[in-house]
1. Starting from residues that are in contact with a Leu (Cβ under 9 Å, 6 or more places away or on another chain) and of a type in the set (A, V, I, L, M, F, W, C), keep the ones in segment 288-308 and report whichever is nearest to H268 (Cα to Cα).
2. List pairs: first residue in segment 227-255 and farther than 20 Å from D316 by Cα, second residue surrounded by fewer than 19 Cβ atoms within 10 Å (Cβ to Cβ) and of a type in the set (V, I, T) anywhere in the structure, Cβ distance under 7 angstrom, at least six positions apart or on different chains.
3. When the residues of segment 34-82 are filtered to those that are outside any helix (DSSP H, G or I) and either β-branched (V, I, T) or modelled with pLDDT of 80 or more (or both), which remaining residue is farthest from the chain's Cα centre (by Cα)?
4. Does D218 qualify as being without any contact (Cβ under 8 Å) to a residue 24 or more places away in the chain, closer than 22 Å to F276 by Cα, not in a helix (DSSP H, G or I) and not assigned by TED's automatic domain parsing to the domain that holds V107?
5. Just name the residue that is nearest to V108 (Cα to Cα) out of those in segment 159-172 that are at pLDDT 90 or above and not in a loop (DSSP other than H, G, I, E, B).
6. Tally up the residues in segment 273-304 that are under 30 Å from V143 (Cα atoms), touching a helix residue (DSSP H, G or I) at 6+ places or on another chain (Cβ under 9 Å) and not in a loop (DSSP other than H, G, I, E, B), please.
7. Among the residues of segment 233-264, which ones are part of a helix (DSSP H, G or I) and in contact with a strand residue (DSSP E or B) (Cβ under 9 Å, 6 or more places away or on another chain)?
8. Looking at (1) within 16 Å of H234 (Cβ to Cβ); (2) free of Cβ contacts under 8 Å to residues at least 60 places away in the same chain; (3) hydrophobic (A, V, I, L, M, F, W, C), find the lone condition where C306 falls short.
Amino acid sequence: MTAGAADEPTTLSPDDAFAVLGNETRFEIIRTLWEQYEPDDPANVVKFSDLYDGDAAVTFSELYDGVGYGDTGNFNYHLEQLTDHFVRRTDAGYELTEAGFEIARAVVAGTVREHPRFDATEVDANCPRCDAPVVVDYENHHVSAACSRCSGIWQNADGEDGVLFTFSFPPTGLSNRTPQDAFHAALAFNLNRIRSFIDGVCPDCSSVVEESLDVCEDHDPGDRGGCPRCHRQHAIEVSEVCHGCKSVARGPLSIAILAHPTVTSFYHDHGIEHRFASWETFRRGQSVEVAIVDDDPLRSRVTVPCEDDRLRLTLDESLSVVEAIRETSSVRSY
């Protein structure tokens with residue numbers, strides 16, 4: 001499969017892009033082109049790659065009628081402001097560029113429902129700390145999961161215990177999903193994003209990601225949901241930052257390390273199909289032990305248990321595995 005196009009869109013600065021999009025008619029043009037786009041059309045399967053013959057663009061008259069604008073001259077002016085960066089002109093008419101699609105997707109994902117939410121609902125999942133039922137709710141574009149009994153593994157901003165995770169989740173994700181489905185979808189959506197961050201590629205803009213460790217000094221969660229200093233159970237957190245689009249991901253090193261192929265192989269040798277973007281990974285992460293073993297240079301040790309065996313990984317300051325040791329309780333054959 002190839003990518004690329006003969007007609008590359010022009011480059012706009014952020015200020016210029018905001019200025020171009022700061023008009024209701026131009027947003028309506030992008031929305032109309034998105035609505036008339038047919039993803040199943042072979043001409044659209046691999047957009048702008050010249051792998052398929054055909055031009056599925058929208059004609060000027062179809063676009064004009066779809067937007068419902070009353071002045072042809074002004075409409076043409078607004079369309080020209082979008083052309084070359086958000087809209088591409090072809091022999092057959094007009095279509096969205098990839099930048100235009102990103103704008104349309106962001107608007108659709110965030111506004112398809114008005115203030116969607118569901119109240120606290122018990123789902124078929126058990127707390128990794130006490131095995132009690134998990135309760136989920138959705139508010140402010142976030143799925144939150146909490147233990148129905150114990151103090152959980154996080155404190156919220158007010159210092160209240162019980163939180164297991166809080167993940168962003170676009171309102172479109174609730175469409176045709178029960179709270180149980182949304183719980184698993186939010187995990188898959190966010191853990192897949194985190195995996196992209198771990199691989200060094202921003203899932204939102206494809207820029208290089210800056211990765212670092214945040215270590216809580218004098219960490220002491222006690223029997224609370226989180227340490228009073230950092231509000232979390234885990235002392236070591238991975239921070240992933242994209243300075244291109246300012247996307248951020250933060251989470252326990254004990255979960256991030258479970259994306260490593262050495263861990264996948266370790267579980268496989270024990271007959272476990274390890275899928276990173278799942279509730280099972282989140283649960284397994286709570287049994288992983290993490291410690292700093294050297295400060296200069298920085299070395300951290302991660303111990304992954306499975307049955308009676310242990311996988312011990314030593315990581316350097318870039319979180320690359322520099323040593324992997326399997327500690328086996330007995331000789332096994334697989």
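The values are calculated or read from the model by the stated rules, or taken from the named source; none is laboratory data. Just so we're clear, the structure is a prediction, and the values are computed from it rather than from any experiment. For neighbour counting, all protein chains shown are included, and Cβ atoms are generated from backbone atoms with ideal geometry for every residue, glycine included.
1. Filtering segment 288-308 down to residues in contact with a Leu (Cβ under 9 Å, 6 or more places away or on another chain) leaves 288, 290, 292, 298-305.
Keeping just the survivors that are of a type in the set (A, V, I, L, M, F, W, C) gives 288, 290, 292, 298, 302, 304.
Values: V288: 17, V290: 22, I292: 27, L298: 30, V302: 18, V304: 13 Å.
Checking each candidate, the answer is V304.
2. V248/V241
3. If we filter segment 34-82 for residues that are outside any helix (DSSP H, G or I), which is where we start, we get 37-41, 46-59, 68-71.
Then keep just the ones that are either β-branched (V, I, T) or modelled with pLDDT of 80 or more (or both); that gives 37, 46, 57-59, 68-69, 71.
Values: Y37: 25, V46: 23, A57: 31, V58: 32, T59: 36, G68: 36, Y69: 37, D71: 41 Å.
Looking at the filtered set, the residue picked out is D71.
4. On the way: without any contact (Cβ under 8 Å) to a residue 24 or more places away in the chain: yes; closer than 22 Å to F276 by Cα: no; not in a helix (DSSP H, G or I): yes; not assigned by TED's automatic domain parsing to the domain that holds V107: yes.
In short, no.
5. Across segment 159-172, the extreme among qualifying residues is S168.
6. Restricting attention to segment 273-304, the residues satisfying the condition of being under 30 Å from V143 (Cα atoms) are 273-291, 302-304.
Now restrict to residues that are touching a helix residue (DSSP H, G or I) at 6+ places or on another chain (Cβ under 9 Å): 273-279, 281-282, 284-290, 302, 304.
Narrowing further to those that are not in a loop (DSSP other than H, G, I, E, B): 279, 281-282, 284-285, 289-290, 302, 304.
Here the count works out to 9.
7. First, the residues of segment 233-264 that are part of a helix (DSSP H, G or I): 253-259, 261-264.
Result: L253, S254, I255, A256, I257, L258, T262, V263.
8. Here C306 clears every test but (1).
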